[in-house]
1. Evaluate the following for B:T190: is it away from chain A (no Cβ under 14 Å), buried (at least 21 other Cβ atoms within 10 Å of the Cβ), touching a residue at least 24 places away in the same chain (Cβ under 8 Å) and not hydrophobic (A, V, I, L, M, F, W, C)?
2. Specify the residue that is surrounded by the fewest Cβ atoms within 10 Å (Cβ to Cβ); the eligible residues are those in segment B:165-182 that are more than 13 Å from B:Y109 (Cβ to Cβ) and touching a residue at least 40 places away in the same chain (Cβ under 8 Å).
3. Could you list, in sequence order, the residues of segment A:27-77 that are within 11 Å of chain B (Cβ to nearest Cβ), assigned to a helix (DSSP H, G or I) and not aromatic (F, W, Y)?
4. So A:E14 clears everything in (1) surrounded by 13 or more Cβ atoms within 10 Å (Cβ to Cβ); (2) within 12 Å of another protein chain (Cβ to nearest Cβ); (3) modelled with pLDDT under 95 except one condition, right? Which one?
5. Pick out the one residue from B:V205, B:V243, B:V231 that is among the β-branched types (V, I, T) and crowded, with 17+ Cβ neighbours inside 10 Å.
6. Any residue that is aliphatic (A, V, I, L, M), under 30 Å from B:N200 (Cβ atoms) and over 15 Å from the mean Cα position of the chain (by Cα) - is there at least one of those in segment B:82-91?
7. Working only within segment B:37-56, note down all residues that are in contact (Cβ under 8 Å) with a residue 12 or more places away in the chain and crowded, with 17+ Cβ neighbours inside 10 Å.
8. Which residues, counting only those in segment B:60-93, are among the aliphatic types (A, V, I, L, M) and assigned to a helix (DSSP H, G or I)?
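The values are calculated or read from the model by the stated rules, or taken from the named source; none is laboratory data. Since this is a predicted model, take the numbers as computed values, not measurements. Note that each Cβ is placed from the backbone with ideal geometry, even for glycine, and that neighbours are counted across all protein chains shown.
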Amino acid sequence: MSTDQKSTAPALKEWPLWEVFVRSKQGLEHKHCGSLHASDAQHALQMARDVYTRRQEGVSIWVVPSAAIAASDPGDKEEFFDPAADKIYRHPTFYEIPDEVGHM
Amino acid sequence: MDASTAVSTAPTNYLLHLADNALILGQRNAEWCGHGPIIEEDLSMANNSLDLIGQARLLYQYAAQQQGQGATEDSLAYFRDVPDFRNYTLVELPHTPPLAAPARADRDYATTIVRNFLYSALMVLVWERLQASPDAQLAAIAARSLKEVHYHLRHSRDWLVRFGDGTDESHARAQAALDHLLPYTAEFWTPSPAETAAQNSGVGVNVGDLQADWNALVDDALAEATLTRPVPGGYITQGKQGVHSEHLGFILAEMQSLARAHPGATW
């Protein structure tokens with residue numbers, strides 16, 4: 001495949017990709033919100049701050065090298081996920097939850 | 001100082017000096033919007049501009065309130081002319097090396113970064129001191145602005161080091177930008193009548209007191225960036241006294257034309 005060299009800025013070819021996770025509030029989990037190219041972790045954090053938290057979206061940021069993430073193969077979808085489709089007994093819906101427990 | 005005789009409001013010209021610096025640099029940095037070297041820096045520069053313009057608004061609102069006679073933040077930003085502006089000459093210069101035409105294609109990000117670094121290093125020190133100003137409104141503006149310029153300093157210092165200690169090309173550009181811009185910082189240390197009045201009333205900062213700390217911030221970053229500080233000397237610019245370079249008129253023409261074509265317009 002021929003690629004248009006001019007359309008890709010050199011930085012984007014040289015800088016590794018980072019996944020960005022932002023915690024919106026204390027006590028909540030960090031959620032994946034996007035990715036960006038940066039030369040190192042500090043650089044990625046600062047860029048993530050400017051790109052993903054400029055509208056008060058966050059109180060904490062994690063950046064993770066995309067290369068460090070092992071992902072499931074879309075080709076494995078049938079054996080990985082389809083068998084769970086008809087196992088309704090795995091949902092905890094067959095119990096009476098006492099009122100005292102409250103929201104679960 | 002005896003509190004009972006203290007003047008507790010900043011002189012209007014001092015507020016305008018602080019406001020004009022923020023507005024003009026904010027307008028300059030906004031020129032990168034849509035043209036940044038990468039999208040993250042494009043957004044970063046837009047964030048920086050909006051921080052600075054936000055600071056300018058608070059200061060203009062306060063100055064307008066002091067001035068009375070129907071002055072508003074808009075009349076101060078859009079209906080004053082070049083000799084009325086009190087910003088440092090440094091902040092009105094284009095994003096280009098000294099001998100390049102101020103055209104968009106010639107914009108140089110190293111120039112942008114070096115200027116932001118030199119200015120943010122000063123303003124971190126200025127806002128730190130002004131937080132303790134007996135003028136409560138100015139102190140509140142300082143506290144808010146300080147957080148913003150702390151990040152501006154971090155961002156520009158980070159890039160300064162990356163450029164200086166980067167490739168031959170980035171090092172050469174950062175050094176050229178430093179050689180071009182550093183002489184303009186001599187203006188920081190030459191008090192204007194407005195600064196002297198603010199200092200004497202106890203409300204403002206004695207800029208001379210900040211020079212050693214500023215030098216330490218700058219020298220530390222330059223050492224890390226492997227850049228050489230140019231020898232001081234030469235002409236001292238006087239933008240903060242209303243004597244500007246040829247560049248300010250062009251910024252004002254662009255920034256003010258809409259407000260002047262449709263005075264009082266709202267949307």
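1. Spelling it out, it is not the case that B:T190 is away from chain A (no Cβ under 14 Å), buried (at least 21 other Cβ atoms within 10 Å of the Cβ), touching a residue at least 24 places away in the same chain (Cβ under 8 Å) and not hydrophobic (A, V, I, L, M, F, W, C).
2. B:D165
3. Of everything in segment A:27-77, those that are within 11 Å of chain B (Cβ to nearest Cβ), assigned to a helix (DSSP H, G or I) and not aromatic (F, W, Y) turn out to be A:Q42, A:H43, A:A44, A:L45, A:Q46, A:M47, A:A48, A:R49, A:D50, A:V51.
4. Answer for A:E14: the failing condition is (1).
5. Answer to the selection: B:V205.
6. yes
7. Scanning segment B:37-56 gives B:E41, B:S44, B:M45, B:A46, B:N48, B:S49, B:D51, B:L52, B:I53, B:Q55, B:A56.
8. Hits for segment B:60-93 are B:A63, B:A64, B:L76, B:A77, B:V82, B:L90, B:V91.
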